[in-house]
Each structure stands twice: as structure tokens, then as C-alpha cells.
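The values are calculated or read from the model by the stated rules, or taken from the named source; none is laboratory data. All values reported here derive from a predicted model rather than from experimental measurement. Glycine gets a Cβ as well: all are built from the backbone with ideal geometry, and neighbour counts include every protein chain shown. Heads up: the accessible areas ignore ligands, DNA and RNA and are worked out on the full protein's heavy atoms, side chains in. Shrake-Rupley method; radii C 1.70, N 1.55, O 1.52, S 1.80 Å.
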Amino acid sequence: MRGKLPDGVLLAFYGDDFTGSTDAMEVTAFAGLRTVLFTRTPDAQDLASFADYPVIGIAGTARSRSPDWMDRNLPGPLRALADLFPRILQYKVCSTFDSAADVGSIGRAIDIGDSLVAGPWSPSIVGAPQLGRWQVFANLFAAAGGVRYRIDRHPTMSRHPVTPMREADLRLHLSSQTARDVVSIDVAAIAGGTADQAADQARDKPGTIVFIDVVDETTQAEAGRLVWDGSDGPVFSASSSGLQYALVAHWRRAGMLPQSPAPFAPVPPVDHLLVLSGSCSPVTAEQIEIAEASGFETIRLDVAQAVAPETAATEIGRIETAVDAAIERCGRVIVFAARTVDDPAFAALQRTAADRGIAFSAAQESIGRVLGRIAAAAVPRLGLQRIVVAGGDTSGRVLEALPVTALEIAHPLGKGAPICRCHSHVPEFDGLKVVLKGGQLGSPSLFLDALGTHQVS
């Protein structure tokens with residue numbers, strides 16, 4: 001080891017959704033750094049239980065919220081994290097950077113977070129090749145089905161039901177969400193050795209947002225160095241888990257972390273598995289299809305019935321009866337709302353929202369809450385030891401319904417979708433294993449793999 005990481009909290013982050021939060025936790029935990037993710041703002045007693053952890057996170061739901069909601073609800077958790085005096089305070093965003101001025105505004109989050117830290121700049125790392133994300137000259141690219149797309153031409157993200165990406169240049173995309181200066185340090189500057197000069201120029205005007213290109217291992221480690229060595233005091237960064245990947249790459253290159261930390265235990269098998277999906281991603285749809293072909297039963301949620309308060313309880317009862325029967329028959333079941341945005345259920349949810357005079361995002365939130373009620377009742381009723389939740393916003397609603405205080409990584413499963421162990425004061429939920437899977441993440445066989453290797457056919 002040529003160097004040593006300082007004591008104390010190295011990185012504290014607030015995740016704007018739950019799946020992205022476990023994705024971020026996965027990176028540092030697998031690098032050998034003890035990492036805990038709280039499901040709510042922790043109190044002093046909660047923090048005392050994890051006092052020696054160098055990475056601490058809080059999972060939230062800001063990605064689906066309005067700027068007014070952020071003004072009311074973000075300062076509390078961000079201040080709690082800032083009070084830990086981390087070297088870096090991160091607002092963790094999705095690696096697709098989907099956001100808008102009125103929903104999930106990353107710009108508003110930066111305005112709030114930077115005021116708590118008052119660092120010399122606000123660097124941002126979004127590219128993460130490990131997840132199929134690359135940033136080149138401030139333009140974001142993402143893979144789908146083995147093909148790389150500019151994010152505004154991505155077959156899913158360009159059609160996201162709430163925050164479709166219309167602009168790939170993240171400088172332009174973010175400029176509609178904040179009045180701050182937004183610049184970039186691109187691959188040409190990194191390759192030409194002028195990245196430090198560009199960073200110095202950005203720091204001359206505190207509060208400037210600086211996107212740093214990442215396209216490969218070299219630029220990733222350099223991006224991590226620029227952020228880690230870029231200031232003497234704390235810094236605020238709105239970044240994807242690309243920040244975690246970049247920091248780990250730099251720390252390893254500098255000899256501050258081992259290249260190969262002790263591995264986590266392989267996934268142990270379970271006999272019963274419940275999957276809850278509110279995702280409309282083609283990636284999730286393929287995962288459902290493969291699970292069906294491998295013996296999973298599937299139960300479609302009636303979205304119109306689930307959204308209506310007068311019929312939601314009846315629909316939940318129907319689903320619970322069907323889940324119990326499926327678990328009895330084969331031990332593995334998927335409850336899903338829709339497969340893709342082209343699924344008739346998606347159009348039905350749009351019509352239901354319009355007929356009831358509510359925003360489509362509110363209707364989607366209702367679906368997540370219904371799935372949360374199903375999970376909260378199923379775990380103790382069926383004695384479940386493991387569940388999987390698909391969809392970023394859905395994962396947040398489901399975890400909010402469970403009496404879970406914090407999560408830690410338990411086992412690797414798929415990139416960005418690890419198996420997490422729950423900490424809870426309720427015995428039936430303490431030790432429960434959960435997988436929170438973003439719509440775009442996970443291998444095609446993820447749901448099957450979540451059963452444990454002996455179950456995979």
C-alpha cells in the first residue's frame with residue numbers, strides 16, 4: 001500500500017431513488033469499504049450503530065418529486081449527512097441523468113446541497129462504463145440491447161413516462177434547472193494534460209458545476225483524482241455511481257485501496273421468492289419473460305383498480321390470494337403492473353389518471369404504494385426471506401412501506417442490483433434480503449439468479 005485513506009467519513013450521499021442508492025452502495029462495499037444505506041434520515045442512535053463506517057448514505061425519492069418538495073424535504077437529510085463532515089457530500093442521481101425542471105430537478109438539488117457545503121466547485125461524474133454509460137464532450141451515451149445510444153435517442157430513456165431525455169449534452173440539459181454556470185472537463189483536456197488547469201479555472205468561480213468526461217478506465221481514474229484532490233475542504237457533487245467508480249479507481253491507482261478486496265459470499269438459495277415490478281423498461285420485460293420460461297408464475301396487477309381508492313383494497317386482496325397460491329404451487333411469483341410503455345396496461349393507467357384528474361406521476365406513485373402494501377403483508381404472512389423489487393420509483397415506495405431502518409450489501413447479484421440485508425426493529429424484517437433493481441439494470445436472468453445458484457435451470 002503506497003498511501004492511506006483518511007479516517008472518518010470519506011463519502012456521504014443522498015440517493016434520489018432507492019435502486020440508485022443500492023447501486024452506489026454496491027461500488028464502495030465491493031471495494032472493501034464498509035457502507036451503510038439508511039432508508040430514512042438517521043437519528044443519533046442509528047448513526048452510533050455504524051459509527052466506524054467510511055461511507056454512509058440515505059435513500060430517498062427525490063427523483064420523482066417537485067422542486068417545492070425538494071425545498072421542504074432535501075435540506076434535512078443533506079444537513080444530517082453534512083454534519084458528519086464527509087470529504088465529499090453527494091446527491092446521487094441516476095446514471096441516465098433523466099430529470100426535468102418540474103420533476104426530479106437535479107439543478108434544484110445542487111442549489112440546495114451546495115449551500116450546505118459551500119465548496120469551491122461542484123464537480124459531477126455521470127459516466128460509468130461498468131453500467132454501460134459513457135460521457136464524451138459532456139454528451140451522455142447509454143447501452144441498450146448491446147447497442148450504444150446517445151441518451152436522447154435511447155429507446156427507453158427518450159420515452160421515459162415522466163422525465164424523457166430530450167438533450168444529450170448535460171450542460172444544456174442542466175441549464176434549464178439551475179442558473180449556475182455549467183461547464184465540462186472533456187476527454188481532450190484529460191488526454192492533453194490540461195484537466196487540472198480547467199479545474200482551477202472552474203474553482204475560480206465557486207458554485208460552478210463541472211461535468212467530467214468518463215469513457216474508459218483511464219479517464220475514470222483521472223476523474224476520481226480531480227474530485228478527490230480538487231479541494232482541501234468538503235465538496236458537493238451531484239453524480240451517478242460513476243463518482244463511486246471513479247473514486248475507487250483513483251484510490252486503487254494511488255495505492256490507498258487493495259486491487260482485490262475480500263470477496264462477498266455467493267448467493268445462498270431460497271425456496272420462495274416474490275418479485276414486485278412497477279417498471280416499464282424493456283430490460284425488465286425481458287427479465288420477466290425469462291423468469292416465466294423458467295417456472296415463475298406471473299400475476300398482472302389491475303392498474304385501474306389499484307389506483308382507485310375505493311377499489312385498491314379489493315385488488316390487493318385478489319393479488320394476495322393469487323400470490324399465496326403461486327407460492328404454494330411453485331415458490332416463485334412475479335407481480336407486475338406493465339411490461340413496457342407499449343403494454344395496454346400503461347395506456348390504461350394514463351386513461352385512469354386523466355379520468356380521475358390526477359397527474360400520471362401520482363398514478364404511478366399509487367401503484368408503488370399498492371405494491372408496498374403487498375410486500376409488507378407478504379413477508380410475515382409467508383415467512384419470506386428474500387424479495388425483489390423492479391423499478392426505481394417503485395423500490396422507494398415499497399421500502400417506505402417496510403419497517404426497515406438500513407441496508408447493507410449481503411451478496412453480489414448483478415451490476416447495480418446487489419442483494420441487500422435489512423436492519424429492522426421488527427423481527428420478521430430484520431435480516432430480510434432485498435434486491436432493488438432499476439428498470440435499466442440487471443442481467444436477463446436476474447430474477448432467476450435471485451433464487452440462488454442451485455435453483456437456476
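Before moving on, here are some points about what is shown:
- The set of residues in region 14-46 that are acidic (Asp, Glu) and either crowded, with 21+ Cβ neighbours inside 10 Å or not in a helix (DSSP H, G or I) (or both) comprises 16, 17, 23, 26, 43.
- In region 397-452, the residues that are hydroxyl-bearing (Ser, Thr, Tyr) and closer than 18 Å to residue 377 by Cα: 405, 424
- Matching option when the condition is polar (S, T, N, Q) and in a loop (DSSP other than H, G, I, E, B), among 197, 244, 177, 201: 177
- Residue in region 410-448 that is nearest to residue 164 (Cα to Cα), counting only those that are open to solvent by less than 10 Å² (accessible area, probe 1.4 Å) and in contact with a Phe, Trp or Tyr (Cβ under 7 Å, 6 or more places away or on another chain): 436
- Residue in region 251-260 that is among the basic types (Lys, Arg) and surrounded by fewer than 16 Cβ atoms within 10 Å (Cβ to Cβ) present: no
- Pick from region 346-362, criterion under 16 Å from residue 394 (Cα atoms) and modelled with pLDDT under 80, ranking: surrounded by the fewest Cβ atoms within 10 Å (Cβ to Cβ): 362
- Number of positions in region 47-65 that are among the small types (Gly, Ala, Ser) and either open to solvent by 20 Å² or more (accessible area, probe 1.4 Å) or in a helix (DSSP H, G or I) (or both): 5
- Selection status of residue 68, open to solvent by 10 Å² or more (accessible area, probe 1.4 Å) and either touching a helix residue (DSSP H, G or I) at 6+ places or on another chain (Cβ under 6 Å) or not polar (S, T, N, Q) (or both): yes
- Among the residues examined, residue 368 qualifies as under 24 Å from residue 155 (Cα atoms) and either assigned to a loop (DSSP other than H, G, I, E, B) or touching a residue at least 12 places away in the same chain (Cβ under 8 Å) (or both).
- Matching option when the condition is without any contact (Cβ under 8 Å) to a residue 40 or more places away in the chain and among the charged types (D, E, K, R), among 200, 216: 200
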